[in-house]
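In what follows, a single structure is set out as structure tokens and then discussed.
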Amino acid sequence: MTAVFIVTGASRGLGYNIAEKLLAAPVSAKVVAVARSESGMAKLAQDYPGQVEYVTGDLANYDTGVKAVQTAINKFGSLSGIVFNAAVIKPVATIATTDIEEFKKLFDINFFSIITTLKAAIPYLRESKGKVVLVSSEASYESHFYGWEAYGSSKACVNHLAATLAGEESEIFTISVDPGVMDSAMQQEIREQHGGQMKGEHHEYLTKIKEDGTIPSTDPPATVIANLAVKGPMELSGTYYAFNSPTLSPYLTA
């Protein structure tokens, strides 16, 4: 039976790359793409006819994730796994200066939308003995990401959620993966909009690696994440790893 995946944040960057790897041979899966912007998802549908459905919407609206699950079942008949990639980084601010409404909206997208989508998806993932990959960040546990407390704390919650889901659902593989610094739309936003709220040396480093061409591609983490979505082993369920850790090295090749 053809595998069916949901990929959030699939219109560009890492999410688009992950979706492409799932759609291409040898996996040749069906994918329900989810994002706020339609253009990238429409291109996936054009490039892989018959393999792609997409849901355009903001995951801060919890109905968006639920609609993605319903689309997978109604259009493709099953659900093999979900890659939760969508996230925002704003607000970048100190605790003393943060906008609490923006902080709450970030959590709606980065964390609570995952829970509401999972609530709808778990019955189907139980049937398929499916897989869940949660995109995390080093900011989930490192304190040097000055101004990133909203983003980092949401990713710490994601890591705990991976462990919790693995404990509750013994036949659903769940893992949290840090994709590292990469050439993404989020990195562009960080460089262009948030330098004033970060420590200078951190912002300068992120700007420098873009300017000198040493910023890593999204391709290696996308390969690891797509492979884990397809064949992640139960012995790693409930864990958190950087994509380039020795433990995940078997998943660095297609």
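Results, tabulated for the structure shown:
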| read-out | value |
| --- | --- |
| Length-normalised contact order for the chain - Cα pairs under 8 Å, 6+ apart - percent | 19 |
| Simple Cβ-charge dipole of the chain, Lys/Arg +1 and Asp/Glu -1, about Cα centre, in debye nearest 20 | 620 |
| Percent carbon-and-sulfur accessible area, region 175-254, ignoring ligands, DNA and RNA, probe 1.4 Å | 51 |
| All lysines inside 19 Å of K129 as judged from Cα atoms, apart from same-chain residues fewer than 8 positions distant | K30, K119, K231 |
| Of the trypsin sites (Lys or Arg not before Pro) in region 63-167, those whose Cβ has at most 16 other Cβ within 10 Å and which sit in DSSP loop | K129 |
| Between 0 and 90°, nearest 10: helix 219-231 axis offset from the chain longest Cα axis | 40 |
| Accessible solvent surface per residue of the chain, calculated while the other protein chains remain in place, 1.4 angstrom probe, Å² | 45 |
| Selected from T214, G196, S245, residue furthest toward positive end of dipole (region 192-252; charges at beta carbon) | S245 |
| For region 45-175, with +1 on Lys and Arg beta carbons and -1 on Asp and Glu, the positive-most of A87, V52, T116 along the dipole | V52 |
| Estimated 222 nm signal from helices in the chain, with DSSP H stretches of n ≥ 4 weighted -39500 (n - 2.57), rounded to 500 | -13000 deg cm²/dmol |
| Placed amide H near A242: partners under 5 Å, 5+ positions off or other chain | D178 |
| Accessible surface of region 1-129 [probe 1.4 Å, protein heavy atoms]: carbon and sulfur percent | 51 |
| Proximal lysines to K105, defined as alpha-carbon separation beneath 16 angstrom and excluding residues fewer than eight positions away on the same chain | K90, K155 |
| Convex hull volume per residue for the chain, taking Cα atoms only, in Å³ | 121 |
| Angle between the chain longest axis and helix 13-23 axis [Cα atoms, degrees, rounded to 10] | 20 |
| Residue range of the chain that is longest and free of GluC sites (Glu not before Pro) which are both DSSP loop and sparsely packed (at most 14 other C-beta within 10 Å) | 1-141 |
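The values are calculated or read from the model by the stated rules, or taken from the named source; none is laboratory data. All figures in this text were calculated on a predicted structure; none of them were measured in a lab. Don't worry about glycine lacking a Cβ; one is built from the backbone with ideal geometry, like all the others, and counts go over all protein chains shown. These accessible areas exclude ligands, DNA and RNA; they are computed on the full protein's heavy atoms, side chains included. Shrake-Rupley method; radii C 1.70, N 1.55, O 1.52, S 1.80 Å.
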